[in-house]
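Each remark here refers to the structure printed beneath this line.
The values are calculated or read from the model by the stated rules, or taken from the named source; none is laboratory data. All of these numbers come straight from a predicted model, not from anything done at the bench. In this analysis, Cβ positions are derived from the backbone assuming ideal geometry, glycine residues included, and neighbour counts consider all displayed protein chains.
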Amino acid sequence: MNKIKDTGLGAWLKEKAPKALEVFGDLLPDQGTLGILKNIIDVDPDISPEQKAEFQKLKHEQEMNAQNNVTKRWESDMGSDVKIAKIIRPATMITLMLFFMIVMVWDGVDETFMPKESYISLLEILMLTVFGAYFAGRTIEKTRK
């Protein structure tokens, strides 16, 4: 994935908001970085509403490009002759769900059982990521086409 400074968004920032480009230019344009950058652009009084709208358009294009890259990777995996490439995502999701259900039942049956908070937090993050990518990400992707 290109750094922000190497994208169309980076070219816009170079012209319209060079201070923001200095801070964010070498970062990868993941959701968090673009969100922080959007907040900075929104409150910058030197950037006109038209320029802010142009930024939103470029930000949207960047996000769509990232989604398209994910789609290409998933399509490549599904078209592969390697069996593990086809089953890794569903297997990961099923494993996480089974593990969650086992821990939930075990916690309900054994009063002394309590997993560490760090494991609970890790499981939560993993499940949100996997289920979000598998269901929400694919749904959003299909509705944007």
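Here are the numbers for this structure:
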quantity: In the range 83-104, residue surrounded by the fewest Cβ atoms within 10 Å (Cβ to Cβ) [restricted to those that are among the β-branched types (Val, Ile, Thr) and closer than 17 Å to residue 117 by Cα]; calculated: 102
quantity: Positions within the range 66-94 being within 30 Å of residue 15 (Cα to Cα) and touching a helix residue (DSSP H, G or I) at 6+ places or on another chain (Cβ under 9 Å), in sequence order; calculated: 66, 67, 68, 70
quantity: Residue in the range 119-145 that is surrounded by the most Cβ atoms within 10 Å (Cβ to Cβ), counting only those that are of a type in the set (Ser, Thr, Tyr) and either within 20 Å of residue 73 (Cβ to Cβ) or modelled with pLDDT under 85 (or both); calculated: 134
quantity: Residue list for the range 95-112, filter: among the aromatic types (Phe, Trp, Tyr) and touching a helix residue (DSSP H, G or I) at 6+ places or on another chain (Cβ under 9 Å); calculated: 99, 100
quantity: Enumerated helices (runs of 4 or more DSSP H) restricted to the range 41-145, each holding at least 2 residues that are in contact with an Asp or Glu (Cβ under 9 Å, 6 or more places away or on another chain); calculated: 49-79, 83-109
